[in-house]
There are 2 protein chains.
Amino acid sequence: MLHDPAQLDLMFQALADPARRQMVERLSRGPASVSQLAEPLAMSLSAVVQHLNVLEASGLVSSEKLGRVRTCRIEPKALRAAEHWINERRLAWERRLDRLGDFLAETKDES
Amino acid sequence: MLHDPAQLDLMFQALADPARRQMVERLSRGPASVSQLAEPLAMSLSAVVQHLNVLEASGLVSSEKLGRVRTCRIEPKALRAAEHWINERRLAWERRLDRLGDFLAETKDES
DNA sequence: AAAATAGTTAAGTGGTCACTTCACCATTCG
DNA sequence: CGAATGGTGAAGTGACCACTTAACTATTTT
């Protein structure tokens, strides 16, 4: 369910925004409240909540509310899925290059 | 120069679109012309060229024109940079979890 | 209880994005 | 040569996006 294109779409779309990547960056150093996430960002709290919603919809971040403070954390499984997509494509390309190299080496021997 | 936030921004933004990811996917299986990239996509050639421009601006894809056909290929270095950004964040989180685990194990011993 | 804190929600706005069509250039084929 | 192929550039359009303000709820502090 993490590899379906729709979820992948949401994840890359979520990562496309610099503010959201900054939030992920912050969360990679530990859980944080919404206001803590907002603090370094030059925008309203409201905007931050909207970004947070995007991140949660993508599965990259989860949160729970205790009292009046919502604590957010990174969801490493989702991060891994995005990572995996890129890795697969890069590896496919590099394997292809290797085969091509072998082929060229062989035909050179035969010349 | 591959890790500066502006370039990272362009890369994730480029990967955010499903059509562009499909193009990257196709290119991971080998170089292709613009029309070959366009063939499986339900949109005009012109639209594909515009997507291609985004991909090239992000550094994920490069191309060269020979005669009247432009041949495109994937740029694995850029892919690796995006991969690396995600990986760093995920690892930071996981290392943190490990330390937390150690801490909990220790304090348990002391109880 | 009053005031401060933390977050939520809705509505609006300006800008960007993905796409289209159409006119066009350059190269190759018959 | 003329016609077909492969690609490019500009202008327009509707949808979406990031953000704002403002009104509001729920919780905690004093």
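The values are calculated or read from the model by the stated rules, or taken from the named source; none is laboratory data. Treat the numbers as computed from the prediction; the structure is a model and nothing was measured. Note that each Cβ is placed from the backbone with ideal geometry, even for glycine, and that neighbours are counted across all protein chains shown.
Here are the numbers:
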{"item": "Count of the stretch A:81-98 residues which are at the interface with another protein chain (Cβ under 7 Å from one of its Cβ atoms) and in contact (Cβ under 8 Å) with a residue 40 or more places away in the chain", "result": "1"}
{"item": "Residue selected from the stretch B:23-42 under the condition within 9 Å of chain A (Cβ to nearest Cβ) and part of a helix (DSSP H, G or I), by the criterion surrounded by the most Cβ atoms within 10 Å (Cβ to Cβ)", "result": "B:27"}
{"item": "Sole exception among (1) more than 16 Å from DNA strand C (Cβ to nearest atom); (2) at pLDDT 95 or above for residue A:97, by number", "result": "(2)"}
{"item": "Some residue of the stretch A:24-38 being within 14 Å of DNA strand D (Cβ to nearest atom) and within 30 Å of residue B:22 (Cα to Cα)", "result": "yes"}
{"item": "Which listed residue, of B:69, B:48, is crowded, with 17+ Cβ neighbours inside 10 Å and over 17 Å from the mean Cα position of the chain (by Cα)", "result": "B:48"}
{"item": "Residues being exposed (fewer than 15 other Cβ atoms within 10 Å of the Cβ) and farther than 18 Å from residue A:6 by Cα - total across the stretch A:72-93", "result": "1"}
